[in-house]
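The values are calculated or read from the model by the stated rules, or taken from the named source; none is laboratory data. Since the structure is predicted, the reported quantities are computational estimates derived from the model, not experimental observations. In this analysis, Cβ positions are derived from the backbone assuming ideal geometry, glycine residues included, and neighbour counts consider all displayed protein chains. For the accessible areas, the whole protein counts, side chains as well, though only heavy atoms, and no ligand, DNA or RNA atoms are used. Shrake-Rupley method; radii C 1.70, N 1.55, O 1.52, S 1.80 Å.
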Amino acid sequence: MHTVPTWRPWCGDGAAIDTSWSAARDAEAWAVGLAELTVGPTPGRVLLQRGISAEHKRRWMGPAESAGTLAEELPRGLSGEIWCAATRDGVARNDGEPYLLLATWPAAHRPAAVWYAVFERSTAAWADAEADHLRQTLRRMQAVWDAPDEPGLGRRLRSPDGTLFHGDATSAPGTTPEELTTPPAWSAQFHDIIRQRWGDPTDRRSYDLALPADPPQSHGSADVPKPAALWVRARHRPAIDGLGGYDYLETRPLDPEDAPPIGRVDDPRVASALGYLTDHHARSPSLNEVAAHAQSSPFHFHRLFSRVVGASPKQFLLGVQLQMAKWRLRAGGAPVGEVAAAAGFSSHGHFTATFHRVVGESPTAYRERHNPRAHLQADG
């Protein structure tokens, strides 16, 4: 019996599909991606792939008016149908063409877009059980994206040219389908900020930024409330053989006591220190350590950092630690002691006292208020 995996393909890798999706192990080439019905699959919106050649790109991703391309069949995704090109109309193919298996599923909030997965092999036709499993897995992929289980989480996929090509609306009530693919103001600068603090973005690592949020957008007679600052977690995936190449972006609201929002800074020492403090918050680096990383004396570094950021290194570090702790409290059921240690606090007691003093309630009360289901899994 097949089970539906819980991996998230927009921030995972092909190995996750190979091990969790039985059909992929038997496919000679496969791709998972998003497509507009009016355009069809395009190389830039392939999320994951394996074994795709130039011929595959030509056959699978040609324009909609080209016979034999996937664009011909994608409208079937509006009804969640699935088909096997090898046995269309119940007739087995004998023309030497490979056996093709395609599943599509509508993208929520965006009526002209679909998720798709395509598998190809030349050795044997696809069985009904494989086709059913493919559709179930693709449906799960869409559901996990469009209904995140973390309160306040928003997600976007961004092309290298700055285009947003998919997003979810669960964390922004009233968001229109057009706004899901309208780049926010901060998205134009976050690559530059990453380069300033960490260097060129690399594959499969996350970058955490606290940035000012965009102003509220008008929806009819009311404005959608938005936080003053956002935690942006960015993950870069480079193009592979001309396919894909995108940024996976998560956004979460930030409270005043979290890391202060700050974009590009004029001094490279401060920029480097911001990245260092964020990356190493879990072990609470000392002022001397951070100053040495920034190649400055502790005294001068403290003055410089405080002037540029508007908060001391210690205050910034505490903001990041509280931000990470609150995220873990909202999104999971780990014991409070584990949350404290992961965020960089020396003890359960120190974390609880600091959290209560700064946030105004205990970690347990915070978790229960924001995510009661997670609270039931925790030790309190």
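Brief remarks on what is shown
- Looking only at residues of the stretch 117-155 that are of a type in the set (Lys, Arg) and closer than 30 Å to Ala234 by Cβ, we find that the one that is least open to solvent (accessible area, probe 1.4 Å) is Arg155.
Per-residue answers, yes or no, for (1) in a loop (DSSP other than H, G, I, E, B); (2) modelled with pLDDT under 80:
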{"residue": "Leu34", "(1), (2)": "no, no"}
{"residue": "Ile52", "(1), (2)": "yes, no"}
{"residue": "Arg58", "(1), (2)": "no, no"}
{"residue": "Leu78", "(1), (2)": "no, yes"}
{"residue": "Trp83", "(1), (2)": "no, yes"}
{"residue": "Asn94", "(1), (2)": "yes, yes"}
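- Test for Thr251: is it of a type in the set (Val, Ile, Thr) and closer than 30 Å to Gly44 by Cα: yes
- The stretch 275-298 residues that are closer than 23 Å to His350 by Cα, paired with ones that are of a type in the set (Asp, Glu) and open to solvent by less than 60 Å² (accessible area, probe 1.4 Å) (beta carbon under 8 Å, 6 or more apart): Thr278/Asp208
- The set of residues from the stretch 279-296 being in a helix (DSSP H, G or I) and within 9 Å of Leu317 (Cβ to Cβ) comprises His281, Val290.
- Within the stretch 129-147, the only residue that satisfies the criterion of being charged (D, E, K, R), closer than 12 Å to Leu102 by Cα and without any contact (Cβ under 8 Å) to a residue 60 or more places away in the chain is Arg135.
So that you can scan it fast, the table gives a plain yes or no per residue for (1) in contact with a helix residue (DSSP H, G or I) (Cβ under 7 Å, 6 or more places away or on another chain); (2) open to solvent by 20 Å² or more (accessible area, probe 1.4 Å); (3) of a type in the set (Ser, Thr, Tyr):
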site: Ala294; (1), (2), (3): yes, no, no
site: Gly319; (1), (2), (3): no, no, no
site: Ala341; (1), (2), (3): no, yes, no
site: Gly344; (1), (2), (3): yes, no, no
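- Taken over the stretch 277-291, residues that are farther than 17 Å from Asp258 by Cα and either open to solvent by less than 70 Å² (accessible area, probe 1.4 Å) or within 32 Å of the chain's Cα centre (by Cα) (or both) amount to 7.
- Arg88 falls short of the stated requirement of being modelled with pLDDT of 70 or more, basic (Lys, Arg) and either crowded, with 20+ Cβ neighbours inside 10 Å or assigned to a helix (DSSP H, G or I) (or both).
- For the stretch 156-251, the strands (runs of 3 or more DSSP E) that sit wholly inside it and include 1 or more residues that are on the phi < 0 side of the Ramachandran plot, surrounded by 14 or more Cβ atoms within 10 Å (Cβ to Cβ) and modelled with pLDDT of 90 or more are 206-212, 229-237.
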